[in-house]
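FYI, it's all coordinate maths here, none of it is from the lab. The structure displayed is predicted, hence computed values, not measured ones. As a convention, Cβ positions derive from the backbone with ideal geometry for all residues, glycine included, and neighbour counts pool all protein chains shown.
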Amino acid sequence: MQTSKTSVIANKKIDNSKMIKASKIILDLQQELKKYINKGHGPFLAAIYDDDGNLIAKAANSVVNKTCSHNHAEMNAIKMAEKKLGTYDLSPYNLSIYVTSEPCMMCLGGIMWSGIKAVYYGVPSSRVTKITGFDEGFKPDWFKEFKKRGITVYGQIETDAGEKVLKDYVSQGHTVYKPKR
Ligand SMILES: [Zn+2]
């Protein structure tokens, strides 16, 4: 059940059973994310599943602890899935990526080139920036663009739980990285 006040937005109609499943996965990821943060990871977690509900890859943001600006959760999970399946094209596998927050501009590109078929995310970028100060980049009307490319998007799932994790990340004094300008 959707319990957050923010309503879900999408670029395609979704059936209720899929939404219930997505809410559960996102809530579990938000819960698990706290453990990753305690181990020095950034406050974002992504998981890739196939249609039968098998977990293919799961990874957190590791920009700071692995010193790489590309190491966003989505990019790490995609790299892991491609390595596991031995391919640079995930499209035959009909995979979905679930992310605790809306993908940034780099990760939108990463998702697009990977062949992933569906994106489910929690906290929207505008809220991520407002709460944490992380820069999510400039983004086109990506819901529409992804639809054209056959990628479905469901956003703002269980946002209250996600916002709480981000607020705690900031109040605990963890790093909010960005290049100096
Ligand atoms: Zn990203």
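Work out the FRET efficiency for Ser69 and Lys13 from their Cβ-Cβ distance, taking R0 = 35 Å, and round it to the nearest 0.05.
Details: r = 37 Å, r/R0 = 1.05.
After rounding, the FRET efficiency stands at 0.45.
For the stretch 19-107, which trypsin sites (Lys or Arg not before Pro) pass both filters: DSSP loop (anything but H, G, I, E, B) and at most 15 other C-beta atoms within 10 Å? Walk me through the numbers before you get to the answer.
Details: sites: Lys21, Lys24, Lys34, Lys35, Lys39, Lys58, Lys66, Lys79, Lys83, Lys84; in loops: Lys39, Lys66.
Counting only loop positions with at most 15 other Cβ atoms within 10 Å, the trypsin sites (Lys or Arg not before Pro) in the stretch 19-107 are Lys39, Lys66.
May I ask for the longest run of the chain untouched by chymotrypsin sites (Phe, Trp or Tyr not before Pro) that are loop-located per DSSP and have at most 12 neighbouring C-beta atoms (other than their own) within 10 Å? All intermediate terms of the calculation are to be shown ahead of the outcome.
Numbers: sites that count: Tyr88, Phe138.
Here the longest run is 1-87.
Roughly what would the spin-label model give for Lys139 and Leu55, points 7 Å off Cα along C-beta, in nm?
2.5
Near Ala118, within a Cβ-to-Cβ distance under 10 Å, what is the net charge of the other residues, with Lys and Arg +1 and Asp and Glu -1?
Numbers: positive: Lys12, Lys18, Lys117; negative: Asp51.
Residues close to Ala118 contribute a combined charge of +2.
Shape of the stretch 40-181 from its Cα gyration tensor (a ≥ b ≥ c, root eigenvalues): rounded if a/c is under 1.5, otherwise prolate when a/b > b/c, or oblate?
Values: a/c = 1.66, a/b = 1.45, b/c = 1.15.
Prolate is the answer for the stretch 40-181, as a/c is 1.5 or above and a/b outweighs b/c.
Which of rounded, prolate, oblate describes the stretch 138-181, given a ≥ b ≥ c as roots of the alpha-carbon gyration tensor eigenvalues and a/c under 1.5 marking rounded, otherwise prolate only if a/b is larger than b/c?
On the way: a/c = 4.58, a/b = 1.62, b/c = 2.83.
In terms of gyration-tensor shape, oblate.
Once you put a point 7 Å from the Cα of Thr129 and another 7 Å from the Cα of Val170, both along the Cβ direction, what distance in nm separates them?
1.4
For Lys148 and Ile20 in one chain, what is 0.36 nm times their gap in residues minus the Cα-Cα distance, to one decimal in nm? Could you put the intermediate results ahead of the total?
Working: separation 128, 0.36 × 128 = 46.08 nm, distance 2.55 nm.
Additional length available on full extension: 43.5 nm.
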